[in-house]
Amino acid sequence: MNSYNRGFYVVFLLILPIICSEAKSKPNIILINVDDLGWKDLGFMGSDYYETPNLDKLAAQGMVFYHAYAAAANCAPSRAAMMSGMNTPKHQIYTVGSSERGDAKTRRIIPTANNDFLPHSIYTLAEMLQDNGYITGTFGKWHVNEDPRQHGFDVNVGGSQRGNPGSGGYVSPYKIDFIEDGPEGEYLTDRLTDEAIAFIMGNRKRRFFLYLPFYSVHTPIMGKAEWIKKFESKPGSDGQDRADYAAMVASVDENVGRLLVVLDELKLTKNTLLIFTSDNGGIRDISYQNPLRAGKGSYYEGGIRVPLVIRWPGRIQAGSTSDVPVTQLDFFPTIGSIIKGGASLSSDALDGLDLTPLFDQQELAERALFWHFPIYLEAYNPKEDGGRDPLFRTRPGSVVRMGKWKLHHYFENNDYELYDLEQDPGEAHNLVAIQPEMRDQLISLLNAWRKEVNAPVPGQPNPLYDDEFHRNRIEEVLAK
């Protein structure tokens with residue numbers, strides 16, 4: 001061995017422990033994002049009707065966050081926020097499709113225009129992981145552009161701009177993109193998990209990022225027959241009683257269980273950070289989230305509070321819980337901190353916080369959480385939605401939560417609502433008139449944030465608005 005090769009070999013031996021240490025410090029990342037799964041649609045979150053033994057086991061192995069939030073109350077904006085780490089004013093995806101939802105005669109102002117797709121200029125979570133040596137794969141719903149491979153994924157099965165699997169689309173032959181049909185009648189949730197497991201097995205000797213955004217439990221509600229039969233004979237409770245929906249939840253649970261078994265068998269569990277959550281609140285017409293008010297599309301708690309479990313054996317204490325308000329905007333900086341890959345991002349690029357102090361039972365810096373939704377979203381079921389307005393799940397507005405206090409601001413009439421979530425998680429008692437100091441403090445906080453992020457506040461009157469038609473329409477739907 002010549003002196004050059006000998007020197008290289010010595011240097012290699014010296015840095016090998018550093019290389020190995022870095023490899024061990026960078027865990028595999030799995031992010032499971034269920035579509036429209038409500039905050040209380042799981043056994044470990046308090047449901048007596050839905051059965052989720054595998055997810056209950058997962059929760060017992062990690063940390064459960066009881067005050068976890070999506071960055072938006074419906075699919076596309078919450079997913080864009082989670083993947084970018086940026087709140088809605090920065091990427092301007094506020095909804096699915098047009099911002100002018102509902103009858104034009106009932107919209108007092110012209111809403112902000114909506115951006116359908118995540119701009120290519122935005123650096124995503126997948127790109128950050130890809131740049132740090134991870135192979136990246138997504139299996140399921142994407143919904144923020146035509147192909148997630150344009151935003152940092154090496155492998156894509158089933159993901160495109162589509163927001164649901166289509167009528168009858170939970171069984172093969174499928175109606176979504178980037179997936180080959182399986183045997184006739186194959187169930188989509190099973191198939192996506194098959195693909196995810198194959199990805200893990202094929203990359204078990206590499207660092208991988210697996211994004212598993214199930215299309216379930218989004219409409220159309222289509223459970224497997226054997227699960228439906230089981231739940232048809234089970235009495236419901238507290239607004240949770242649909243056997244077909246319970247069957248979909250059970251299939252998600254079953255498939256997460258399959259995934260966990262594979263991680264155990266491949267001895268990958270210890271070196272895998274696993275996050276389980278939902279993209280927004282559940283549809284209240286399908287499943288109540290009591291005591292939380294309303295559901296998907298609303299900025300009351302039922303529309304934005306979501307289940308969240310994070311498991312990382314050896315780092316996160318099994319069976320731990322947290323009541324600290326957190327948001328899915330926190331995933332990007334947290335993962336970036338763990339893999340030491342977020343340094344290239346400017347300090348103001350991301351809107352979340354690194355959650356790793358909570359993993360170590362330390363305090364997280366107190367901060368306000370913000371939501372901005374300058375558009376309209378029509379009602380599902382005026383008598384079931386639980387919203388502020390029987391015609392809309394929400395009208396243009398912003399929301400801020402600071403500590404136990406939550407302030408809603410609705411732009412049409414410059415209305416405010418103030419709630420003490422500690423005493424009133426169902427947001428039934430508006431304290432705006434009897435807590436003026438807290439109201440004004442949160443208004444100032446919200447105004448400053450909107451200015452900082454250049455959030456659009458629509459106010460131009462809609463020439464098509466008809467006040468008499470509006471009042472009559474409200475009376476009609478309430479009389480049904």
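General remarks:
- The listed residues are Asp440, Asp415, Asp466, and the only one of them that is in contact with a His (Cβ under 8 Å, 6 or more places away or on another chain), surrounded by fewer than 17 Cβ atoms within 10 Å (Cβ to Cβ) and in the same structural domain as Met402 (by TED's automatic domain parsing) turns out to be Asp415.
- Matching entry among Thr394, Thr334, Thr327 (being on the phi < 0 side of the Ramachandran plot, without any contact (Cβ under 8 Å) to a residue 40 or more places away in the chain and of a type in the set (Val, Ile, Thr)): Thr334
- Residue in the stretch 365-374 that is of a type outside the set (D, E, K, R) and at pLDDT below 95 present: yes
- Residue in the stretch 46-53 that is at positive phi, assigned to a loop (DSSP other than H, G, I, E, B) and either touching a residue at least 12 places away in the same chain (Cβ under 8 Å) or in the same structural domain as Pro425 (by TED's automatic domain parsing) (or both) present: no
- Applying the set (1) touching a residue at least 60 places away in the same chain (Cβ under 8 Å); (2) of a type outside the set (Ser, Thr, Tyr); (3) surrounded by 15 or more Cβ atoms within 10 Å (Cβ to Cβ) to Asn430 leaves exactly one unmet item: (1).
- For the stretch 184-228, residues that are among the small types (Gly, Ala, Ser) and either under 15 Å from Gly169 (Cβ atoms) or buried (at least 16 other Cβ atoms within 10 Å of the Cβ) (or both) total 4.
- Residues that are at pLDDT 95 or above, in contact with a Pro (Cβ under 6 Å, 6 or more places away or on another chain), in the same structural domain as Ala250 (by TED's automatic domain parsing) and part of a loop (DSSP other than H, G, I, E, B) are absent from the stretch 193-207.
- Evaluated against (1) out of contact with any helix residue (DSSP H, G or I) (no Cβ under 6 Å at 6 or more places or on another chain); (2) within 21 Å of Gly85 (Cα to Cα); (3) buried (at least 17 other Cβ atoms within 10 Å of the Cβ), Arg162 falls short on exactly one condition, (2).
- Of all residues in the stretch 161-178, those that are more than 13 Å from Thr189 (Cβ to Cβ) and touching a residue at least 12 places away in the same chain (Cβ under 8 Å) have Cβ atoms under 7 Å from Cβ atoms of residues that are surrounded by 18 or more Cβ atoms within 10 Å (Cβ to Cβ) and aromatic (Phe, Trp, Tyr), 6 or more apart or on another chain, in Asn164/Tyr215.
- Of all residues in the stretch 94-118 being part of a loop (DSSP other than H, G, I, E, B) and basic (Lys, Arg), the one that is nearest to Asp279 (Cα to Cα): Arg101
- In the set Ser121, Ser78, only one residue is part of a loop (DSSP other than H, G, I, E, B) and either out of contact with any helix residue (DSSP H, G or I) (no Cβ under 6 Å at 6 or more places or on another chain) or assigned by TED's automatic domain parsing to the domain that holds Pro325 (or both); that residue is Ser121.
The values are calculated or read from the model by the stated rules, or taken from the named source; none is laboratory data. Quick caveat, the model's predicted, so the values are computed rather than measured. No Cβ is skipped: glycine too gets one built from the backbone with ideal geometry, and neighbour counts run over all protein chains shown.
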